[in-house]
Each structure stands twice: as structure tokens, then as C-alpha cells.
Amino acid sequence: MAPALTEHLSRAAASQAAAALAVASLGAAILARGKASLLVSGGSTPVEMFERLASAPLDWSCVTVGLVDERWVAPDHPDSNERLVRAHLLQGPARAAAFVAMKTPEDNPAAAAADRSAAYAPHCSPADFVLLGMGKDGHTASWFPGNPALAQLVSPPDGACVAAVEAPGATVPQRMTLTVPAVNSARRGVLLIFGAAKRAVFEAAAMADPLQCPVRYAMDGMGNRLAIHWAP
Ligand code: 6PG
């Protein structure tokens, strides 16, 4: 049985609902602990949610923003998730937030994994809110179906919260990603998906082998801490 999905009439409404969940979580974290961590995915889905979230009246100086995953390209490259976040989320009031990059000057993510794991650890223990997307192949973060790295991402041998991944079929094969425990420990999160094809993948995910539909790891690991929001 797939977890409950909230259906919206428009992508604007779904984006607004996802942004509202993030604002509530971040505001509660700031009230309770004086700080908040927000870890977000890239891709095309989150743009409107980012823009709505960026204008929220939060004390953004208490917020640290990080990535769920990153393509190993320069931060000004069109495929960079950091570029996407700086362009659409770290704007307006949200410019006051701190940002922890995943991309470093290293030639490849494997050379930077330990350093980025150390940099992300304070913000994944646990993160206050994570935004996940999903590909039509059932991946989330950079957890790709059938990828040999999945076992290490599910049970990182050194407890790392960030790991390097080679994903041959992905937009930019060299990736850095949060591990499964790093995502699943988040206090709250939202999986934001658009379109009929992704709806079908989501509905089938509950019966799928997580190795072939890795979004299952987040669904199973977060349970009702992960809200699912969908629009056509
Ligand atoms: C990435 C993302 C990835 C994304 C899905 C959905 O770096 O590609 O973090 O996990 O959430 O691929 O991407 P779209 O929103 O573009 O469909």
C-alpha cells in the first residue's frame, strides 16, 4: 500500500503546500533550538517551491541550506544544483541563510566525500527538513536503480552522511549524494512530484524492490515524516 499522497489541482498549489511544510518545520526548529537545517534536491520540480519558500518571513540567518545531492560540475554550470538553489532559493529574505556546498574544487566526488561528509554531518544529525524529488526511474537523491553503490548508500560503512556515486545513465554521471540514513533521519520532509508518469511510478513503488525503485528507501525510512505532494 503506497503511503498517502496529497493531490493538488495545480503545480503552483503543490509547490505552495510543500513550501508551507518547510516553513512550518524550519520555524519550529528555530523556535526550539535557535537554528534549522534545510536540505534540498535539485532538478526542475522544486523551482516554484524554492521561490515561494525564499520569500517566507523566517529568521533565515538561523537557517543552513544544503543539498540532497549534486552533480559534479562547476557551481555556475547549467546542471549544477548549487546554481539552481542560489538562483531560486537563496534570494530575497532567504539570502540571509548559510549554504553548505556539496561541489568542491576536487576533480572528482570520491576525493571530496570525506570532507563533505564532515561538512554536512552537523546539518544531518538530524536535518530539520528535506525536500526530495523523484525521477521516472524511481530514483531520489542520487540513489539510482540497480546502482552498485546502493548498498553503501543504504549502510555507509563509516557512517558517512555524504557519499560519491557514479551514475552512468544520469544527467552528469559523477554525483555526490546524501546517504540513506542521512535523509531518513530528517525530522520532516516532502517528496514533491509532478505528472502522470511519476504518479504511476510512485503508486508502484510500494510493491517494488527498493534496489530497482530507490525512492522506497526514503518512503520506508521516513514513514509519515515524509509528506507526498503531487500535481498533474
Ligand atoms: C538531481 C536531483 C534528483 C531529482 C530527480 C527529479 O540532482 O537530479 O536531486 O534526485 O530530484 O531527478 O528531477 P526533476 O525534478 O527534474 O524531475
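Readers should treat all values here as calculations from the given coordinates under stated rules, not as data from a laboratory. Here the structure is a predicted model, which means the values were calculated and not measured. Glycine also receives a Cβ, built like all others from the backbone with ideal geometry; neighbour counts cover every protein chain displayed.
Look at G34 and say whether it is away from the ligand (no atom under 16 Å from the Cβ) and out of contact with any helix residue (DSSP H, G or I) (no Cβ under 9 Å at 6 or more places or on another chain). Judged against the criteria, G34 is not a match. Residues that are among the aliphatic types (A, V, I, L, M) and over 18 Å from the mean Cα position of the chain (by Cα) within the stretch 30-58 comprise I30, L31, A32, A56, L58, listed in sequence order. Strands (runs of 3 or more DSSP E) fully within the stretch 143-226 that include at least 2 residues being among the small types (G, A, S) and within 19 Å of E70 (Cα to Cα): 162-166. Would you mention how many residues in the stretch 119-153 are more than 16 Å from the ligand (Cβ to nearest atom) and aliphatic (A, V, I, L, M)? Final tally of qualifying residues: 3.
Entry remark, the stretch 15-57: residues being closer than 24 Å to T177 by Cβ, small (G, A, S) and not in a helix (DSSP H, G or I) number 6 in total. Among the residues of the stretch 94-106, those that are of a type outside the set (S, T, N, Q) and farther than 16 Å from T171 by Cα comprise A94, R95, A96, A97, A98, F99, V100, A101, M102, P105, E106.
Would you mind stating whether D79 is touching a Lys or Arg at 6+ places or on another chain (Cβ under 8 Å), in contact (Cβ under 8 Å) with a residue 40 or more places away in the chain and surrounded by fewer than 18 Cβ atoms within 10 Å (Cβ to Cβ)? Considered against the rule, which asks whether it is touching a Lys or Arg at 6+ places or on another chain (Cβ under 8 Å), in contact (Cβ under 8 Å) with a residue 40 or more places away in the chain and surrounded by fewer than 18 Cβ atoms within 10 Å (Cβ to Cβ), D79 comes out as yes. Just one residue in the set S25, S37, S41, S55 is polar (S, T, N, Q) and touching a Phe, Trp or Tyr at 6+ places or on another chain (Cβ under 7 Å); that residue is S25. If the condition is being within 21 Å of L211 (Cβ to Cβ) and either among the hydrophobic types (A, V, I, L, M, F, W, C) or within 11 Å of the ligand (Cβ to nearest atom) (or both), then the stretch 177-196 contributes T177, L178, V180, A182, V183, L191, I193. Just one residue in the set V180, V215 is without any contact (Cβ under 8 Å) to a residue 60 or more places away in the chain and in contact with a Gly (Cβ under 9 Å, 6 or more places away or on another chain); that residue is V180.
Quick check on the stretch 147-154. Is at least one of its residues farther than 25 Å from G221 by Cα and within 18 Å of the chain's Cα centre (by Cα)? For the stretch 147-154, residues farther than 25 Å from G221 by Cα and within 18 Å of the chain's Cα centre (by Cα): absent. Got at least one residue in the stretch 51-74 being within 13 Å of the ligand (Cβ to nearest atom), of a type outside the set (A, V, I, L, M) and surrounded by fewer than 16 Cβ atoms within 10 Å (Cβ to Cβ)? Checked the stretch 51-74: no residue is within 13 Å of the ligand (Cβ to nearest atom), of a type outside the set (A, V, I, L, M) and surrounded by fewer than 16 Cβ atoms within 10 Å (Cβ to Cβ). Pairs meeting the criteria (first residue in the stretch 56-72 and within 19 Å of R83 (Cβ to Cβ) and touching a residue at least 12 places away in the same chain (Cβ under 8 Å), second residue surrounded by fewer than 24 Cβ atoms within 10 Å (Cβ to Cβ) and of a type in the set (D, E), beta carbons under 6 Å, at least 6 apart or on different chains) are R71/D79.
I'd like the full set of residues that are among the hydrophobic types (A, V, I, L, M, F, W, C), more than 14 Å from the chain's Cα centre (by Cα) and more than 20 Å from P168 (Cβ to Cβ), limited to the stretch 65-93. Within the stretch 65-93, A74, A87, L90 qualify. Among the residues of the stretch 94-136, those identified as assigned to a strand (DSSP E or B) and either within 15 Å of the chain's Cα centre (by Cα) or touching a residue at least 60 places away in the same chain (Cβ under 8 Å) (or both) are F99, V100, F129, V130, L131, L132.
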